[in-house]
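The values are calculated or read from the model by the stated rules, or taken from the named source; none is laboratory data. Keep in mind that what you see is a predicted model, and the values were worked out from it rather than measured. Using ideal geometry, Cβ is built from the backbone for each residue, glycine included, and neighbour counts are taken over all protein chains shown.
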Amino acid sequence: MDRFVLRLDKAIDKINEADFILIGAGAGLSTAAGVEYTGKRFTDNFGDFIEKYSMKDMYSSGFYPFKTPEEKWAYWARHIDVNRYQVGETDVYKKLLKLVEDKDYFVLTTNVEHQFWINGFADERIFATQGDYSLFQCSEACHDKLYYNEGQVKEMVEKTVDCKIPSDLVPKCPVCGAEMETNLRKDNLFVEDEKWHEANKRYMDYLDKIKGKNVVFLEIGVGFNTPVIIRYPFEQMTYDNPNATLIRLNKDYADAIKENKSKTISFDENVEEILDYWLSRVF
């Protein structure tokens, strides 16, 4: 039998037998779902910015040193709109939910496009550690309230001219008057509001519950940008728990560490193809 199929069968058997499934999701999952930051999707949506600023992709463009807030927010409004408000449901996320919805699962994710909520994962089972495109915060973190931004973002996109927004649309903090920022973890001014802390507590409680239990750590698309959040802890928890299995889906970094070789099932193949096979074995 094909070795790929053998790995698929071994992994789905572990998933079916598990009492708990902890999903760790990084950027590779959203890429597999079609939320790509490069290629045609980038050039189709950002042609004017590419021409003006010689941008290469949506990720690196987020660090571009814009000279004015009007330019910065013209880019960021479109970036948020394209990746948060235009995407909608995606097949890969919906298939992942179908795989785990009858299990005691929890999601830890560094992704910020809101895809787990959009595709029906339970709010109380998600911890998005790095923020969310749909939320603004004070750039000075003068208070810990977050603000849903769809209306502001859509207006900025609509009124962008020559890669700039009108000055009166630059979002300002209602408390201190400083410029707002998207609620993304990039420095020590990242705002962790009450909902963030509640989700963090639910995650900690889940970790306590699964200690020593029959658990699958299902890691998808997690590389080495912020490995201390998902990748390294999943490896450590797999090592510590004799009843744990780490299933790693990663196009570029699928290998197990040597200490977990016998407890890790690795895949560098297509994520959706893997999910389709697993679902065929479950339903």
Tally of residues being crowded, with 16+ Cβ neighbours inside 10 Å and under 16 Å from Arg3 (Cβ atoms) across the stretch 250-274: 6
Unique match (being exposed (fewer than 12 other Cβ atoms within 10 Å of the Cβ) and touching a residue at least 24 places away in the same chain (Cβ under 8 Å)) among Glu219, Glu235, Glu194: Glu194
Check on Ala199, closer than 21 Å to Glu101 by Cα, small (Gly, Ala, Ser) and under 18 Å from the mean Cα position of the chain (by Cα): yes
Qualifying position, being within 30 Å of Ser54 (Cβ to Cβ) and either outside any loop (DSSP other than H, G, I, E, B) or in contact with a helix residue (DSSP H, G or I) (Cβ under 9 Å, 6 or more places away or on another chain) (or both), among Glu192, Glu155: Glu155
Single residue of the stretch 142-190 satisfying the filter (aliphatic (A, V, I, L, M) and within 23 Å of the chain's Cα centre (by Cα)) that is surrounded by the fewest Cβ atoms within 10 Å (Cβ to Cβ): Leu189
Number of the condition not met by Lys98 [criteria: (1) surrounded by fewer than 22 Cβ atoms within 10 Å (Cβ to Cβ); (2) not assigned by TED's automatic domain parsing to the domain that holds Ile210]: (2)
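Within the stretch 46-77, track down each residue that is in a helix (DSSP H, G or I) and within 21 Å of the chain's Cα centre (by Cα).
Across the stretch 46-77, the qualifying residues are Met58, Tyr59, Ser60, Ser61, Tyr75, Trp76, Ala77.
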Search result, residues across the stretch 135-148 that are in contact with a strand residue (DSSP E or B) (Cβ under 6 Å, 6 or more places away or on another chain) and either under 30 Å from Lys103 (Cα atoms) or hydrophobic (A, V, I, L, M, F, W, C) (or both): Leu135, Phe136, Leu146
Subset of the stretch 46-62 (residues that are of a type outside the set (Ser, Thr, Tyr) and at pLDDT 95 or above): Phe46, Gly47, Asp48, Phe49, Ile50, Glu51, Lys52, Met55, Lys56, Asp57, Met58
For Ala254: the one exception among (1) out of contact with any Asp or Glu (no Cβ under 8 Å at 6 or more places or on another chain); (2) without any contact (Cβ under 8 Å) to a residue 40 or more places away in the chain; (3) assigned to a loop (DSSP other than H, G, I, E, B): (1)
